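First the structure, in the form of structure tokens, and then the observations on it.
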Amino acid sequence: MMTFSQAQAQLARYWHERALYTFGPAALPAGPIPILTAQQWTSFQAPEWMAELTGLWVSQNPGVQLQWIYDDSVGNQSAAQGYTDAAPAGLRRMAVSAPAVRQLQLLAINTTGAPIANFVLNYEIAMHRLSVADKLLRGYGLSAQDERMLTILGKNAKRDLQDLVDKGTSPIGIDVQLERTVANRRLRDHSGSGLYHVSTASTSAFATLQAAAGEFLVLEEVAVEGGGLLAQPVAILVDRDQDNAYVQLTANAFGQVDDAPWSMHVPAVDNLTFRVASQGAPLTVPVRIRVGRYKLSNLLRARFGLARSPEELPGDLYAKAIVGLT
């Protein structure tokens with residue numbers, strides 16, 4: 001199974017991405033077990049990307065504690081905190097907000113002194129490219145490019161932006177930005193979305209979804225019906241553009257009692273390819289996927305890094321996108 005790491009963080013490309021990672025079902029040894037460890041994926045002095053632990057799905061067990069470290073902060077520090085018997089039953093999502101630009105760690109601590117069988121811990125990580133307004137809000141340093149973009153916008157641009165941050169009108173929250181600048185570009189589900197019977201006997205992709213000219217795709221949902229009942233471990237692999245297995249999920253970790261899918265936001269400007277893999281006897285795996293088709297805009301070209309200089313877009317749009325004024 002693939003875990004979030006420094007290398008995985010550095011694959012983030014398209015402004016805002018949110019993917020899910022799975023641990024188990026597996027035996028959880030006694031003591032502290034590192035589930036994820038990611039360090040130094042960006043410059044701490046002038047960071048470009050922020051990683052955030054945003055959700056957890058975990059087996060209930062009174063003998064297991066969870067602890068997460070994000071930069072210089074620690075979640076669940078006291079002896080009474082973090083026990084997973086307080087998590088939602090049935091592997092349902094628990095919201096978390098642990099943002100970091102320097103280090104992000106997640107530990108599962110088995111306090112029982114003996115292995116715990118069939119333990120599941122799924123976690124959700126969002127990667128977000130920081131605007132200048134984001135950096136001013138959080139007290140991060142600015143890069144040379146940030147300073148150049150502010151200069152393009154005028155000699156008082158930095159002071160004016162700081163005034164907006166102090167006033168509380170900037171930066172706009174990511175959910176609002178996604179609604180205004182991505183959701184409003186949605187055209188429809190890709191025709192490759194839907195229901196699949198997939199045999200693990202085949203090594204070829206069961207679906208390859210191609211982006212049309214002037215569009216991009218977003219992986220929005222994946223579900224494996226009856227995943228927790230599969231006879232052996234099965235991996236669901238998603239290739240994104242040139243990134244092989246950018247998403248890698250253990251199908252057996254899908255066990256929501258309400259049958260809700262795993263929700264993700266993984267953009268692709270060329271293609272998304274879906275595969276399954278298993279080392280045991282062939283199985284038929286029922287998989288649901290949902291991929292949206294979206295129309296590119298000049299603003300998203302700047303945010304996605306598809307435009308790389310102010311000259312590639314009209315007016316001062318590129319500079320405003322980098323600064324966070326659009």
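Quick check on my filter: what residues within segment 29-45 are open to solvent by 80 Å² or more (accessible area, probe 1.4 Å), over 12 Å from Ala7 (Cβ atoms) and either in a strand (DSSP E or B) or at pLDDT 95 or above (or both)?
Across segment 29-45, the qualifying residues are Pro32, Pro34.
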**Asked** Gln103: more than 30 Å from Ser170 (Cα to Cα) and either in contact with a helix residue (DSSP H, G or I) (Cβ under 9 Å, 6 or more places away or on another chain) or surrounded by fewer than 18 Cβ atoms within 10 Å (Cβ to Cβ) (or both), yes or no?
**Response** no
**Asked** Can you name the residue in segment 46-65 that is out of contact with any helix residue (DSSP H, G or I) (no Cβ under 7 Å at 6 or more places or on another chain) and in a loop (DSSP other than H, G, I, E, B) and is also surrounded by the most Cβ atoms within 10 Å (Cβ to Cβ) among such residues?
**Response** Pro47
**Prompt:** Can you find even one residue in segment 214-235 that is crowded, with 21+ Cβ neighbours inside 10 Å and assigned to a helix (DSSP H, G or I)?
**Reply:** yes
**Prompt:** If you go through segment 185-205 one residue at a time, how many are outside any strand (DSSP E or B), surrounded by 13 or more Cβ atoms within 10 Å (Cβ to Cβ) and over 23 Å from the mean Cα position of the chain (by Cα)?
**Reply:** 1
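May I ask you to list the residues in segment 107-119 that are at pLDDT 95 or above and open to solvent by 10 Å² or more (accessible area, probe 1.4 Å)?
Within segment 107-119, Leu107, Ile109, Thr111, Thr112, Gly113, Ala114, Pro115, Ile116, Ala117 qualify.
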**Message:** All but one of (1) farther than 30 Å from Arg308 by Cα; (2) of a type in the set (A, V, I, L, M); (3) touching a strand residue (DSSP E or B) at 6+ places or on another chain (Cβ under 6 Å) hold for Val74; state the number of the condition that does not hold.
**Reply:** (3)
**Asked** What are the residues in segment 236-262 that are open to solvent by less than 30 Å² (accessible area, probe 1.4 Å) and not hydrophobic (A, V, I, L, M, F, W, C), if any?
**Response** Asp239, Arg240, Asp241, Asp243, Tyr246, Thr250, Asn252, Gln256
**Request:** Could you please find all residues in segment 82-98 being at pLDDT 95 or above, open to solvent by 30 Å² or more (accessible area, probe 1.4 Å), more than 20 Å from the chain's Cα centre (by Cα) and not charged (D, E, K, R)?
**Result:** Tyr83, Ala86
**Prompt:** Of the residues that make up segment 66-74, is at least one in a loop (DSSP other than H, G, I, E, B) and more than 24 Å from the chain's Cα centre (by Cα)?
**Reply:** no
**Prompt:** Could you list, in sequence order, the residues of segment 31-48 that are within 12 Å of Gln103 (Cα to Cα) and under 17 Å from the mean Cα position of the chain (by Cα)?
**Reply:** Leu36, Thr37, Ala38, Gln39, Trp41, Thr42
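The values are calculated or read from the model by the stated rules, or taken from the named source; none is laboratory data. What you are looking at is a predicted structure, and each value in this text was computed from that prediction instead of being measured. Positions of Cβ are generated from backbone atoms using ideal geometry, with glycine treated the same way; all protein chains shown enter the neighbour counts. Accessible surface is based on the protein model in full, side chains and every heavy atom, while ligands, DNA and RNA are left aside. Shrake-Rupley method; radii C 1.70, N 1.55, O 1.52, S 1.80 Å.
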